[in-house]
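Novice: Please see the structure below; I have some questions.
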Amino acid sequence: MRIVMPLFQFELKDATRYAFADCAIAIEPLMHDDIPKVALFSEQDVGFMQRESWALTYDSFDTNSYKSLVNLLLISFRVLSDYYPPFIKYRLCKANPQFCTRLGQPMLYNFAVQRPHNPFSDTELRQVDAGFQHLRKMDAISPRTHNALYFVYRAFHTDKWIDSFLLLMSSLEALFSNDTPGAATRAIRRRVSSLLGHGPRCAEADIRNLYHLRSDMTHGRVVVDDDAGKNLEQLGHLEYVVSRCFRELVNTAAYVHYEDKPRRDRFMGMLDARP
């Protein structure tokens, strides 16, 4: 079954196709013939698709897991690359129109976060691919890592800044909170900052300020509404911190410490002990 997903905001240079490792997903030119004539897609939908040049394709008889694979790949573009990441809005299948879908909520972006709109080269795609393979392993290694990735995915697909903020916070908590009930904010902010080497925008005081904003919202010290205003900057700061955490866990393969509780406990103890 061949499923085609037009890629929006994406350009590829010096290549005509890229196949991701160990799966049936590739990036290929989007042909107008790939777009089926079905009632689901309006003329406007078809026009949107025809403006794009590239698509993710999935070509396999196993159609049970491709959506989660594609979601992890899109997270890889968003979290592990400095370029403006692509997103999808439609799934197309000429062989079986039942697989055609218009996504109700595609991935959204915080334009307070500045990224270059550079075309991807084969080199950049290989780097994304390598991170994607790590995220696949990370997703499968424990409920904590799976949930952390799921919270990030949901944070990137909501159109409310407050929802995104709380979901990104939940991702940090899934990765760094204590196993026993009780106050864990201090431990989380210390571990996050320790993992990231107390770098720019990632010092413990930075993480504390982000938690203070969440606390202020929870306890009514600020009024929450749909008008993002200056909170987009804080949301961008939190996305930066969360992305850096995933990059560090991927680049050092430290996510393997989440395989069981004793290993995770030792890893958290190591983070707690760092100056």
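Novice: Check whether at least one residue in the range 22-29 is at pLDDT 95 or above, within 20 Å of residue 81 (Cα to Cα) and not in a strand (DSSP E or B), and report yes or no.
Specialist: no
Novice: Six or more apart or on different chains, Cβ atoms under 6 Å: show the pairs whose first residue is in the range 9-22 and aromatic (Phe, Trp, Tyr) and whose second is surrounded by 11 or more Cβ atoms within 10 Å (Cβ to Cβ) and not in a loop (DSSP other than H, G, I, E, B).
Specialist: Correct list of pairs: 10/54; 18/27; 18/125; 20/129.
Novice: Filter the range 159-184 down to the residues that are surrounded by 16 or more Cβ atoms within 10 Å (Cβ to Cβ) and touching a residue at least 24 places away in the same chain (Cβ under 8 Å) and list them by number.
Specialist: As a first pass, look at the range 159-184 and keep what is surrounded by 16 or more Cβ atoms within 10 Å (Cβ to Cβ): 161-162, 164-177.
Of everything in the range 159-184, those that are surrounded by 16 or more Cβ atoms within 10 Å (Cβ to Cβ) and touching a residue at least 24 places away in the same chain (Cβ under 8 Å) turn out to be 161, 162, 164, 165, 166, 168, 169, 171, 172, 174, 175, 176.
Novice: Still on this model: Within the bounds of the range 132-151, is there any residue that is out of contact with any Phe, Trp or Tyr (no Cβ under 8 Å at 6 or more places or on another chain), exposed (fewer than 15 other Cβ atoms within 10 Å of the Cβ), among the hydrophobic types (A, V, I, L, M, F, W, C) and more than 24 Å from residue 175 (Cα to Cα)?
Specialist: Within the range 132-151, not a single residue is out of contact with any Phe, Trp or Tyr (no Cβ under 8 Å at 6 or more places or on another chain), exposed (fewer than 15 other Cβ atoms within 10 Å of the Cβ), among the hydrophobic types (A, V, I, L, M, F, W, C) and more than 24 Å from residue 175 (Cα to Cα).
Novice: Going residue by residue through the range 128-138, is there one that turns out to be among the charged types (D, E, K, R) and in the same structural domain as residue 247 (by TED's automatic domain parsing)? Outline the logic, then answer.
Specialist: Our first condition is that a residue be among the charged types (D, E, K, R); within the range 128-138, this holds for 129, 136-137.
Of the ones still in play, those that are also in the same structural domain as residue 247 (by TED's automatic domain parsing) are none.
For the range 128-138, residues among the charged types (D, E, K, R) and in the same structural domain as residue 247 (by TED's automatic domain parsing): absent.
Novice: Determine the pairs where a residue that is aromatic (Phe, Trp, Tyr), located within the range 37-48, has a partner that is surrounded by 13 or more Cβ atoms within 10 Å (Cβ to Cβ) and assigned to a loop (DSSP other than H, G, I, E, B) with Cβ atoms under 9 Å apart, the partner being 6 or more residues away or on another chain.
Specialist: These pairs meet every condition: 41/35; 41/100; 48/89.
Novice: While we're here: May I ask you to say which residue of 126, 102, 115, 91 is closer than 29 Å to residue 31 by Cβ and without any contact (Cβ under 8 Å) to a residue 12 or more places away in the chain? I'd like the intermediate steps shown before the answer.
Specialist: Numbers: 102 fails: without any contact (Cβ under 8 Å) to a residue 12 or more places away in the chain; 115 fails: without any contact (Cβ under 8 Å) to a residue 12 or more places away in the chain; 91 fails: without any contact (Cβ under 8 Å) to a residue 12 or more places away in the chain.
It is 126.
Novice: Can you confirm whether the range 1-8 contains a residue that is within 20 Å of residue 64 (Cβ to Cβ) and basic (Lys, Arg)? Break it down into steps so the answer makes sense when it comes.
Specialist: Initial filter on the range 1-8 (within 20 Å of residue 64 (Cβ to Cβ)): 1-5.
Adding the requirement that they be basic (Lys, Arg) leaves 2.
For the range 1-8, residues within 20 Å of residue 64 (Cβ to Cβ) and basic (Lys, Arg): present.
Novice: Name every residue in the range 68-127 that is crowded, with 16+ Cβ neighbours inside 10 Å, closer than 24 Å to residue 37 by Cβ and among the charged types (D, E, K, R), in order of residue number.
Specialist: The answer is 89, 91, 94.
Novice: Quick one: which of 79, 46 is within 22 Å of residue 239 (Cα to Cα) and either touching a Leu at 6+ places or on another chain (Cβ under 7 Å) or at pLDDT 95 or above (or both)? Quick ask: steps written out before the conclusion?
Specialist: Values: 46 fails: within 22 Å of residue 239 (Cα to Cα).
Of the residues listed, the single one that is within 22 Å of residue 239 (Cα to Cα) and either touching a Leu at 6+ places or on another chain (Cβ under 7 Å) or at pLDDT 95 or above (or both) is 79.
Novice: Right, here's the next one. Take the range 193-207 and flag every residue that is assigned to a helix (DSSP H, G or I) and within 14 Å of residue 176 (Cα to Cα). Don't jump to the end; show me each part of the working.
Specialist: Taking the range 193-207 and keeping what is assigned to a helix (DSSP H, G or I), we get 193-195, 204-207.
Residues satisfying the conditions are 193, 194, 195, 204, 207.
Novice: Check whether at least one residue in the range 147-154 is within 21 Å of residue 275 (Cβ to Cβ), among the basic types (Lys, Arg) and assigned by TED's automatic domain parsing to the domain that holds residue 241, and report yes or no. So that I can check it myself, show each step before the final result.
Specialist: Our first condition is that a residue be within 21 Å of residue 275 (Cβ to Cβ); within the range 147-154, this holds for none.
No, every residue in the range 147-154 fails to be within 21 Å of residue 275 (Cβ to Cβ), among the basic types (Lys, Arg) and assigned by TED's automatic domain parsing to the domain that holds residue 241.
Novice: Another one. Filtering the range 51-63 down to residues that are surrounded by 13 or more Cβ atoms within 10 Å (Cβ to Cβ) and not small (Gly, Ala, Ser), which residue is nearest to the chain's Cα centre (by Cα)?
Specialist: 56
The values are calculated or read from the model by the stated rules, or taken from the named source; none is laboratory data. Quick caveat, the model's predicted, so the values are computed rather than measured. Every residue, glycine among them, receives a Cβ derived from its backbone with ideal geometry; neighbour counts consider all protein chains shown.
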